[in-house]
Amino acid sequence: MEQTTLVENRLIPLRKALTEHRLYEHLQEVADIRTFMESHVYAVWDFMSLLKALQQLLTTTTTPWVPSADPQLARFINEIVLEEESDLNEEGLPQSHFEMYLSAMEQIGASTNTISKFIAQIKAGNNIKSAAQSIGLDSAIQAFVEFTFATIGSGEAHKIASAFTFGREDVIPDMFLGIIRDEEQKAGREQYTKLTYYLKRHIELDGDEHGPLALRMISQLCGDDQQKWEEVMQTAEAALAHRISLWDYIADMISEESLAAV
């Protein structure tokens, strides 16, 4: 059995915990999507840093330029960077997926104040911990982001690739599209075009091609090194555990808001 298959098999319980998480039962209305997005936006943001870390390690980003060790992996990473950092939005204009997400939040009525303050802190040169503390970021979100940057800080490509490949398991896009479709049918018009476009683009890009290449990246980086394979497993498990903790927090938030509205 291939090592990647062994890793995926060992992750089945954690992935099951995510796909069957109680959060999904709470996502019933557009108001629930707003609450979700206000916390999930940090995961949208830090995903890009995982990707850029892989670009630095697996492609040539310095001068003098030299060929990359694996041109196919370099192309894979560069293609994802192109799509994530400068994709075309619903108006055909270049925009990062993070910025598309912010625009979708604004259109749906979710607040972008806290994430904007956080990004301003990062731009000012503050580290992740101090930026999170300065805006009073909840501990679950802060732990999620700090884990991502601790993984990046390791400088070890196989660990970063593990968090990138295995640590972002969710079933949000299809669920959100269903809620939005129902809401727009009630209103008789399209109201949330930006989020619909973002979600459909997300589904399109996460198709059959990226998955196999991401697994090939892991295999290439680990080879026959059993220590690296174990570290890939540990990183993947920790990443999924942090995602579950984030889902716990968001589910609690939505539940509290629903009770307060009664």
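Quick one: how many lysine pairs does the chain have with C-alpha atoms less than 24 Å apart and a gap of 8 or more or different chains? Give me the count, please.
Lysine pairs satisfying the spacing and distance rule in the chain number 14.
Which cross-chain or sequence-distant (5 or more) residues have an amide H under 5 Å from the amide H of Gly167, H modelled 1.01 Å from N in plane?
HN-HN under 5 Å from Gly167: empty list.
Would the range 98-189 count as rounded, prolate or oblate if I go by the C-alpha gyration tensor, calling it rounded below 1.5 in a/c and otherwise prolate when a/b exceeds b/c, oblate otherwise?
Taking the square roots of the gyration eigenvalues as a ≥ b ≥ c, the range 98-189 is oblate.
Name the trypsin sites (Lys or Arg not before Pro) in the range 155-262 that are in a loop by DSSP and that have at most 12 other C-beta atoms within 10 Å, would you?
Of the trypsin sites (Lys or Arg not before Pro), the ones in loops of the range 155-262 whose Cβ has at most 12 other Cβ atoms within 10 Å are Arg189.
Residues of the range 1-57: accessible area per residue at 1.4 Å, in Å²?
Result: 46 Å² of accessible area for each residue.
When only DSSP loop residues count, what trypsin sites (Lys or Arg not before Pro) in the range 1-88 have their Cβ near at most 12 other Cβ atoms within 10 Å?
Sparse-neighbourhood loop trypsin sites (Lys or Arg not before Pro): Arg22.
With +1 on each Lys and Arg Cβ and -1 on each Asp and Glu Cβ, and nothing else charged, work out how big the dipole of the range 14-81 is about its Cα centre, in Debye to the nearest 20.
Around 220 debye, computed over the range 14-81.
Using a 1.4 Å probe over the heavy atoms of the protein chains, calculate the carbon and sulfur portion of the accessible area of the chain as a whole percent.
50
Once the dipole of the chain is set up with Lys and Arg at +1 and Asp and Glu at -1 on Cβ about the Cα centre, which of Ile128, Leu51, Gln95 lies farthest towards its positive end?
Ile128
How much accessible area per residue does the range 72-116 have, in Å², with a 1.4 Å probe?
The answer is 46 Å² per residue.
Return the calculated 222 nm mean residue ellipticity for the chain, to the nearest 500 deg cm²/dmol, obtained by summing -39500 (n - 2.57) across DSSP H runs with n ≥ 4 and dividing by the residue count.
Helix contribution divided over all residues of the chain: -24500 deg cm²/dmol.
Based only on the alpha carbon positions, what is the Kirkwood hydrodynamic radius of the chain, in angstrom?
It works out to 19.5 Å.
For a quick check of your reading of the filter: which chymotrypsin sites (Phe, Trp or Tyr not before Pro) in the range 46-107 sit in a DSSP loop and have no more than 14 other Cβ atoms within 10 Å?
Those that pass, being in a loop and sparsely packed, are Trp65.
Connecting C-alpha atoms closer than 10 Å in a GNM of the chain, tell me which of Pro13, Pro67, Pro212 has the biggest fluctuation.
Pro67
The values are calculated or read from the model by the stated rules, or taken from the named source; none is laboratory data. Remember, it's a predicted structure, so these values are computed and weren't measured experimentally. Heads up, the Cβs are rebuilt from the backbone with ideal geometry, glycines too, and the neighbour counts pull from every protein chain shown. Accessible surface areas use protein heavy atoms only, side chains included; no ligands, DNA or RNA. Shrake-Rupley method; radii C 1.70, N 1.55, O 1.52, S 1.80 Å.
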